[in-house]
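Presented below is the structure to which this report refers.
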Amino acid sequence: MCLVRAPSACYRFAPHLNTFMKTLWLATIFFVSLAHAENWGQWRGSDFNGSSSESDSPVKFSKTENVVWHAPLPGPSGATPAIWGDAVFVSSIDSQNKSRVALCLDRKTGKIKWQQDMGPGVSQDGNSNFASPSPVTDGQVVYFYYGNGDLACFDMDGKKVWSRNIQKDYGPFAYQWTYSASPLLYQSKLYIEVLQRNVAVNGRGNPHNDSYLLALDPKTGKELWKHVRPSDAVAESLEAYSTPIPYTHNGRAELLITGGDCITGHDPETGKELWRWGTWNPQKIGHWRLVPSPVAGSGVALACGPKNSPVTAVKLGKNGNLSDSDLAWHSTDRDVTSDVPTPLFYKGKFFILNGGKKKLLCIEPADGKVFWSGDLETRSVFESSPTAAGDKIYMMDHAGKVFVVSAAPDQFKLLASPTMGDEGDTRLRASIPISQGQLFIRTGKSLYCVGKK
């Protein structure tokens, strides 16, 4: 009672409580800070939309300013690091040994905690490599997935729990380029999406292939179910490099999938298709592979058509085959498009990165109104996806120039644009995860941790 009613009086009679109260106060501040310091366990973050609720992410930094640590990497990769507590998980190739590796770095120092060799082989084409899918963790285990189909689960100390190969078990992937969809961990299931061509391409795949969504038991890797996802698309337009994205609307959880010229919503428990809208390709153009994943917010889901085609916003909560009357909007501004970057949803607004025209646009979810459009001054294109925290948006171009933009809806404002890339970097694709007030910036040869120490 004394501690609550009159602590100052208590101190006069029990001076030792002064130290106790200071310790208690510091502990309270520590745990409150932890409550607001998010992990980044998946490619698009804990909210699956590229955003973080943290408020103290940095603005000013460079290769020498505001750097907590800088760690060399064995090779390039488009995989975004996953961060949980003091662990940073990085999927990479080893350029020297021509192999794939799974890395765990110490978040405080950048030093390697453990490293696992994932076998030989780094690529099958010159545009990407097998280490493009991002690792996923829940703080208990971590999953590494590769474009050759290798999937492995490790505990936090680096001990392998289980492994399997998706191509070996379900047939070779039929893609013109290298498979690169990231796994999704959601509601006690590990999801793998394979949207591929229905016939073999360049000697890869079977004469007849299905596109499918696969749910695995995260503890064992065993199949829970496999849902075949059909499509009327043709040739390369059947291929997608997108990742399934979960979203809950009016109490109904869904998995959103884009690819094969359409967007679909699925029951996370069974994979059953709940609804479908398409197509953004009525002419059935045969080379419209899809890269951006869907993103949802304010009751709508965005699907970005490829090759400078429009963005479509679908009203959520529907069932069956949807018509255009079920759309919230269809972009008419030619700058509102994204061929590769997945849009960001942050503080009630969509932010669409037009990587080819090097523009960032702030969009109203209800009607597609463009609040502002800003030019990003760079010679390189963007293929990484924007992320946000602390009213700031972060994105990096192919050469490693990072742009920090205000997320305020009133006007476009560039806050900083440091160059973080290494010499020779020409195709950087990793997004910038945000965790515990720090950014993790992946270049061709390095991983930078910038922000508060």
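Computed from the coordinates by the stated procedures, all read-outs in this text should not be read as laboratory data. Nothing here was measured: the structure is a model prediction, and the numbers come from that model. Glycine gets a Cβ as well: all are built from the backbone with ideal geometry, and neighbour counts include every protein chain shown.
A few comments on the model shown:
- For region 422-437, Karplus couplings with θ = phi - 60° (6.51, -1.76, 1.60), whole Hz, Gly/Pro x: 8, 4, x, 5, 9, 8, 7, 10, 5, 6, 9, x, 10, 7, 6, x
- Amide proton proximity set for TRP43, modelled H, under 5 Å, gap of 5+: none
- Sorted by Cβ neighbour density within 10 Å, fewest at the top, the residues HIS249, HIS70: HIS70, HIS249
- In plain terms, if you count all Cα to Cα distances in region 89-170 and split them into 5 Å steps from zero, the share in each step is 3, 15, 26, 26, 18, 9, 3, 0, 0 percent.
- Kirkwood-Stokes translational diffusion coefficient of region 167-231, alpha-carbon pairs, 4 °C, 1.567 mPa s, µm²/s: 104 µm²/s
- Dipole magnitude for region 37-451: computed about the Cα centre from +1 point charges on Lys and Arg Cβ and -1 point charges on Asp and Glu Cβ, it is near 400 debye.
- Helix 16-36 and the longest principal axis of the Cα set of the chain meet at an angle near 10°.
- Sorting ASP155, ASP56 by the number of Cβ atoms found within 10 Å of their own Cβ, with the fewest placed first, yields ASP155, ASP56.
- Amide H partners (placed H, <5 Å) of LYS401, local residues excluded: MET420, GLY421
- For TRP162, distant residues with modelled amide H under 5 Å away: CYS153
- Whole-Hz ³J(HN,Hα) from phi, Karplus 6.51 cos²θ - 1.76 cosθ + 1.60, for region 38-53, glycine and proline x: 7, 7, 10, x, 9, 3, 9, x, 5, 9, 6, 9, x, 10, 9, 7
- For region 104-121, 3J(HN,Hα) per residue [Karplus equation, 6.51 cos²θ - 1.76 cosθ + 1.60, θ = phi - 60°, Hz, x = Gly/Pro]: 10, 9, 6, 5, 6, 10, x, 6, 6, 7, 7, 9, 10, 7, 9, x, x, x
- Counted over the chain, the DSSP beta bridges are approximately 95% antiparallel.
- Each peptide in 286-294, 360-368, 197-205 was scored by the mean count of other Cβ atoms within 10 Å over its residues; highest first, the order is 286-294, 360-368, 197-205.
- Cross-link reach is defined here as a Cα-Cα straight distance under 26 Å, omitting same-chain residues fewer than 8 places apart; for LYS272 the lysines meeting it are LYS168, LYS189, LYS219, LYS222, LYS226, LYS284, LYS315, LYS318.
- Across the chain, the mean sequence separation of Cα contacts (distance under 8 Å, 6 or more residues apart), normalised by length, yields a relative contact order of 14 percent.
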